[in-house]
Amino acid sequence: MDLVTVTGLSKRYGGIVALSDATFSARAGEVHALLGENGAGKSTFIQILSGAVQHDAGAIMVDGRDYRPANPDGAQARGIAAVFQELSLIPDLTVEQNIWFRREPLTPLRTVRRAELRRRTLALLEKYDFPPLRPDQELRRLTLAERQIVEIAKGLAKEPRILILDEATSALPAREAEWLLKLTRQLAAEGRLVIFISHRMAEVRAIADRLTIFRNGRTVAAHEAGAVSDEEIVTQMIGRHLDRLYPERVATATDRIALKVTGLSSGSRLSGVDFALREGEVLGVGGLQGHGQRELFQALFGATRASGRLELWGKPASIGNPRQALTGRDGIALVPEDRRGQGLLLTKSVRENLTLSVIGRFSRRGFLSRQKEAELVREMVGFLRIKADTPEQAAGTLSGGNQQKVIFGKMLLTEARVLLLYDPTRGVDVGTKGEIFQLMRDLAAKGYAILFHSSDMPELVHVADRVLVMRNGRVAATLEGERISEAEILRAAMLQREAA
Amino acid sequence: MSAFLARNRLIVLAYAGMVVLLLVTALFSPGFLSVSNMRSTVVLAAFVGIVALGQTLVIIGGGIDLSVPWVLNSAAIVMALLCGGQDMPLLWVMPLLLAGGGLIGLVNGIGVAHFGVPPIIMTLATNVILQGLILVLTGGSPTPSAPALIQFLSVGRIAGFPVIALIWIALTAAATLLLSKAAFGRHLYALGTSATVAEFSGVPTARTTILTYVISGLTAAFAGMLLTGYSGQAYLGMGDAYLFTSIAAVAIGGASILGGSGHYLGTVAGAMVLTILTGLLPALNLSSGALLVVYGAVILITVSIGSETFAGLGTRMRRG
Amino acid sequence: MSIAERPVEDKMSKPGSDWRGRLLDRAPFLVACLMLALIVGIYGSLQSGVFSLDELNLDTAAAMTLMLAATGQTIVLLRGGIDLSIGGMISLGTVIAATRFTDDPATVALWVLVILGLGLVIGALNGLLISLLKLQPFLVTLATWSILNGAAMMILPTDGGSVPGWWVGFASAQLLGLTSPVWMLLALLVFWAWFRATRVGIAIQATGSNEKSAFLSGVSITRVNVVTYGLSGLFAAGAALYLTTQTGAGSPTIGKDYILPSVAAAVIGGVSLFGGRGHLAGTLIGAFVLTLIGNLVFVMHVSSYWQPVASGVILLLSVLASSVAEKAARGRVQ
């Protein structure tokens, strides 16, 4: 009999349908993988399951009884715990305080029994063979990987019958990730249900008994893991053939160097990056996560302190802050990583967001011309086909794809012709993804020079003219033409790792 | 027009509240709407309004200025001391003290923007430091009476209009221009909404922050000098009430204390509401204690309405 | 999609103690201790008999009102909020005491309970308003400050009233050579040690550290706010009662003198304005610093008006010190 059965589950956020009519079922004692692209509805699904978010419609049965938790406590009461990506941890509490938060053993004076807390922590860590952690260390001193492990410990401390692991391996180094996979099997063997979310096919293949695939907020398929091929899974996740997503790659690069970077360094994350970006070129930046890609983009944009030489269109340039970067025809514009935190004023209108970086373009002696502004806005809304009721609509009410278009518009309104795109398709629907890739090629054809990072390797392979592969804060390889493939990128990213 | 109303609902509400309050007051005290009484109400509101101009800008930018009371008081006292009751020195004393107020604002702004000191602490510190320095300077003794010229600015009239009301109108026009028509205004709203997004969008965040505190220093110092003219003398503690009223006027005018929204036009209504209430209570035979209770209640009610609007926006966002 | 696709940034940290990081964390507190030591040192070199029990008794008596108010404020700051209403509560408490206390101890006891209860309830209302209407603590408590202050003025328009003589004698009552304020100081520290180890105390700190994480861990934010501001109101009421033993009368305006100093004492003592970090020991040291500055100015034979200047400068210095330390700490993490 199934431990969890979900039928007709739906959830909307404003205009965005996160889940519609999703179904799911899983048994005790299995590892059940949840697959889908970004924005497919996986995270909404597990947020509902863990009580963090309430669904609009549909039914969840756990143990044959109706289940509708009002909050995470409600979920815990039914034996369900979720391990998110360091979401529920408190920076100023210690590791052990975090693991047992709100369930601490108490003395008769209602204070925490510290010795017992320590004992329980060590027992838990030992039972599941955790990587070394210091129980008395404050969480904010830990690395991302260690925090993720604490989050896992916190989930396990609740002795759940159903444990949800959301991309729990993505922040872990190799050895710790393997430990987690083994742990997952151990938990299933103890008769628990583990719902496992990962983007990594190999991991899913290694541990999952069954898998459920989400796309655009719907359940598209559920399989026994052994009965389905990788290709089938990918096709079901994407829902159409890959090649239609990507525009034809026409070489538009000229010989003119738009951006020349020599010896760019920043802290320990970026050490001596050299490359040249040409006019009309889409230059991909790849490599394993966390090898300096983020710092490279931020340093070029002046958002992080860095040393090294920059030349823009043949002239030496110094960029100390984003304001300098954005100024003039020799400027650099950025589509930032964090759309809501760095890119958009969510409560302000589409108009105000679009023109925020170019107020000088429609003002004279510091005073605005609303008419000129309206022209710019109209032009950009039309050009990018931004779907908004009026330009006065608050940017936060748009769909993810349209929000990203507003950020693109904001960038294109500046006169900068060197564009830095950091993961521009993240959390964007498939249709808009295609539009963004087409736009990138069109801009390249117009003579823009584009530096492009994506956390999704196939995007680099299909869109970029050349790919810089970063490793340990340096450019480890530059791939061109036929050599651009996922295998080559990975090889360059990992080669000599033992030596490094 | 309806779009304007929708966007500035809280400001419109503040004015509606002001009108209702006026009518209610007139009901209880028939003389209230008389020309002379309205004139004195506007004069009193102008002092609050002028101080609150700087406060409005600072709050829209996401900060707060607690140094207002003693910037005001310092300007008042130093002006009285330097002028010694004569008009002529005003010609250099006024610009000097405005610059002084601006300088205090500059220090506040640099502390907040460049040294990362929380605005509450930064402006609290400059406030007590100024307070101490002025106390040391005067030794607690009274100052000479205010020069006639400054009295003219505070209580004089031009063609029946109080001069200070004309000054207030001019300042309101200037602030409106700054917030609605100038690049500075755009920068300021962006800064108050999200400092990170503003920085990433090329907004000169530090310069904008500093400028708001400088303007706040200027308006507080200016108000201090005018207030000296109004009372005929500068005295210790004359600025104390303006900390509360300047923040209250901004809040009643519909600005969010978190920054990013609001307008000086709303603050003008807020200043009027606070002052009309002061006039209403004697008519109802209520004490000054009751006035404070009413002030508190009015703030709670207006910010609750603001919060409701926000909640309403939230549901609209969810329903799309 | 490969198992090998691993971020290298996410190394496991090296074993061993991070003593420098811990030191930087405590820097604001240590700076406060240093300031206090410096002030006491100068004070002691200019005045004889500073290092005596009598002096401790006197200074603690002088600082206790601020200490009580700042204890409540520290809890609120730990939660990541601010409470301006304590000024109103202190005024209201003193005027109720000065108008209702009689020579009869039973009556006094009753009114003490009423005042403390009032503080608790009004504080809890603050917390409720903040949570239910999703309002900013600054504005809510500014409004309730005004209301409470107004209520105090309605009860007693100007300074006056009186409390019984035996009540005034409370602050000089001695046990084992220590006066009651010193015992109160110790009681505050004991309370803090207890409170910080309770689930509620941890939940308040956690909510101040990261509200969203706390919520996702199942903390009821409303409950946290009610308890936090309720305690702040309770301590403000306690401060009011203590204050009447010092002044012997009620004052409808005296409370405002404690609002911002209570924040300043906490900040000087290393309590973060952004929540989640700080200890009462720091706040109490901050309160001592602010109080002793007055003594220092007095024995230096300069105008007592230098006291606010000195406290403002100290406040700025300590904030700058902690922001430098924070930057250093952050630099180390990255």
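Taking (1) within 13 Å of chain C (Cβ to nearest Cβ); (2) open to solvent by 20 Å² or more (accessible area, probe 1.4 Å) in turn, residue B:250 satisfies each apart from (2). If the condition is being of a type in the set (A, V, I, L, M) and more than 13 Å from the chain's Cα centre (by Cα), then region C:74-89 contributes only C:89.
Does residue A:208 satisfy the criteria of being open to solvent by less than 40 Å² (accessible area, probe 1.4 Å), assigned by TED's automatic domain parsing to the domain that holds residue A:115 and modelled with pLDDT under 85? When the stated conditions are applied, residue A:208 does not pass them. Against the definition (within 13 Å of another protein chain (Cβ to nearest Cβ) and either in a helix (DSSP H, G or I) or not polar (S, T, N, Q) (or both)), how does residue B:62 come out, yes or no? Yes: the conditions hold for residue B:62. Do we find that residue C:99 is within 21 Å of residue C:148 (Cα to Cα) and in contact (Cβ under 8 Å) with a residue 12 or more places away in the chain in this structure? Yes, satisfied.
Just to be sure, is residue A:471 open to solvent by 20 Å² or more (accessible area, probe 1.4 Å) and touching a His at 6+ places or on another chain (Cβ under 6 Å)? Yes, satisfied. Just one of the numbered conditions (1) touching a residue at least 40 places away in the same chain (Cβ under 8 Å); (2) part of a helix (DSSP H, G or I); (3) over 18 Å from residue C:79 (Cα atoms); (4) at the interface with chain B (Cβ under 10 Å from one of its Cβ atoms) is not true of residue C:167: (4). Do the conditions hold for residue C:207, that is, is it within 14 Å of another protein chain (Cβ to nearest Cβ) and not in a helix (DSSP H, G or I)? Here the answer is no, as residue C:207 does not meet what is asked.
The combined condition, being at the interface with another protein chain (Cβ under 9 Å from one of its Cβ atoms), in contact with a Gly (Cβ under 9 Å, 6 or more places away or on another chain) and either surrounded by fewer than 19 Cβ atoms within 10 Å (Cβ to Cβ) or closer than 30 Å to residue A:354 by Cα (or both), is fulfilled by residue B:177.
In region C:216-231, the residue that is nearest to residue C:133 (Cα to Cα) out of those that are facing chain A (nearest Cβ under 8 Å) and out of contact with any Asp or Glu (no Cβ under 7 Å at 6 or more places or on another chain) is C:219. Counting only strands (runs of 3 or more DSSP E) wholly contained in region A:306-404, the ones carrying 3 or more residues that are open to solvent by less than 20 Å² (accessible area, probe 1.4 Å) and not assigned by TED's automatic domain parsing to the domain that holds residue A:17 occupy A:332-335. For residue A:274, the conditions (1) open to solvent by less than 20 Å² (accessible area, probe 1.4 Å); (2) over 25 Å from the mean Cα position of the chain (by Cα) are fulfilled apart from (1).
The single condition among (1) more than 10 Å from every other protein chain (Cβ to nearest Cβ); (2) over 27 Å from residue B:179 (Cα atoms); (3) assigned to a helix (DSSP H, G or I) that residue A:294 does not meet is (1). Filtered by the rule that a residue be in a helix (DSSP H, G or I) and open to solvent by less than 10 Å² (accessible area, probe 1.4 Å), region B:193-218 gives B:197, B:198, B:208, B:212, B:213, B:216, B:217.
Each row is one residue, and each column tells you yes or no for (1) more than 11 Å from chain C (Cβ to nearest Cβ); (2) open to solvent by less than 40 Å² (accessible area, probe 1.4 Å).
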{"position": "B:88", "(1), (2)": "yes, no"}
{"position": "B:97", "(1), (2)": "yes, yes"}
{"position": "B:128", "(1), (2)": "no, yes"}
{"position": "B:135", "(1), (2)": "no, yes"}
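Exactly one residue out of C:37, C:98 is surrounded by 15 or more Cβ atoms within 10 Å (Cβ to Cβ), farther than 24 Å from residue C:194 by Cβ and not polar (S, T, N, Q), and it is C:98.
If we scan region B:103-121, do we find a residue that is part of a helix (DSSP H, G or I), open to solvent by 10 Å² or more (accessible area, probe 1.4 Å) and more than 22 Å from residue B:208 (Cβ to Cβ)? Within region B:103-121 (the criterion being part of a helix (DSSP H, G or I), open to solvent by 10 Å² or more (accessible area, probe 1.4 Å) and more than 22 Å from residue B:208 (Cβ to Cβ)), the answer is no, since none of the residues qualifies.
Table: residues versus (1) crowded, with 24+ Cβ neighbours inside 10 Å; (2) in contact with a Leu (Cβ under 8 Å, 6 or more places away or on another chain); (3) of a type in the set (Val, Ile, Thr).
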| site | (1), (2), (3) |
| --- | --- |
| C:205 | yes, yes, no |
| C:208 | yes, yes, no |
| C:223 | no, no, no |
| C:232 | yes, no, no |
| C:236 | yes, yes, no |
| C:256 | no, no, no |
| C:268 | yes, yes, yes |
| C:271 | yes, yes, yes |
| C:281 | no, yes, no |
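Once region A:420-444 is narrowed to residues that are open to solvent by less than 40 Å² (accessible area, probe 1.4 Å) and of a type in the set (Lys, Arg), the residue that is nearest to residue A:331 (Cα to Cα) is A:441. Sort out which residues of region A:5-18 are at pLDDT below 90 and either under 23 Å from residue A:204 (Cα atoms) or part of a loop (DSSP other than H, G, I, E, B) (or both), and write them in order of number. A:14, A:15 - these are the residues of region A:5-18 that are at pLDDT below 90 and either under 23 Å from residue A:204 (Cα atoms) or part of a loop (DSSP other than H, G, I, E, B) (or both).
Restricting the first member to region A:68-94 and to residues that are within 11 Å of residue A:48 (Cα to Cα) and of a type in the set (D, E, K, R), and the second to residues that are modelled with pLDDT of 90 or more and open to solvent by 20 Å² or more (accessible area, probe 1.4 Å), no beta-carbon pair is closer than 6 Å while six or more apart or on different chains. Among residues of region A:164-190 that are more than 8 Å from chain C (Cβ to nearest Cβ), those with a beta-carbon under 7 Å from a residue that is of a type in the set (Phe, Trp, Tyr) and crowded, with 19+ Cβ neighbours inside 10 Å at least six positions away or on a different chain give the pairs A:165/A:196; A:166/A:84; A:184/A:196. Any residue at all in region A:75-82 that's part of a loop (DSSP other than H, G, I, E, B) and away from chain C (no Cβ under 12 Å)? Checked against the condition, which is being part of a loop (DSSP other than H, G, I, E, B) and away from chain C (no Cβ under 12 Å), region A:75-82 yields at least one hit. Quick check: is even one residue across region C:302-310 more than 10 Å from chain B (Cβ to nearest Cβ) and either in contact (Cβ under 8 Å) with a residue 40 or more places away in the chain or farther than 24 Å from residue C:201 by Cα (or both)? Within region C:302-310, none of the residues are more than 10 Å from chain B (Cβ to nearest Cβ) and either in contact (Cβ under 8 Å) with a residue 40 or more places away in the chain or farther than 24 Å from residue C:201 by Cα (or both).
Looking only at region A:335-351, which residues are within 24 Å of residue A:426 (Cβ to Cβ) and more than 7 Å from chain B (Cβ to nearest Cβ)? Of everything in region A:335-351, those that are within 24 Å of residue A:426 (Cβ to Cβ) and more than 7 Å from chain B (Cβ to nearest Cβ) turn out to be A:335, A:337, A:338, A:339, A:340, A:346, A:349, A:350. Scanning region A:137-152 for residues that are under 28 Å from residue A:41 (Cβ atoms), buried (at least 20 other Cβ atoms within 10 Å of the Cβ) and free of Cβ contacts under 8 Å to residues at least 60 places away in the same chain gives A:145, A:149.
Residues in region A:121-153 that are at the interface with chain C (Cβ under 9 Å from one of its Cβ atoms), assigned to a helix (DSSP H, G or I) and in contact with a Phe, Trp or Tyr (Cβ under 9 Å, 6 or more places away or on another chain): A:149 alone.
The values are calculated or read from the model by the stated rules, or taken from the named source; none is laboratory data. These figures come from a predicted structure and were not determined experimentally. Here Cβ is always computed from backbone atoms with ideal geometry, including for glycine, and neighbour counts include all displayed protein chains. The area values use the complete protein model at the heavy-atom level, side chains included, leaving out ligands, DNA and RNA. Shrake-Rupley method; radii C 1.70, N 1.55, O 1.52, S 1.80 Å.
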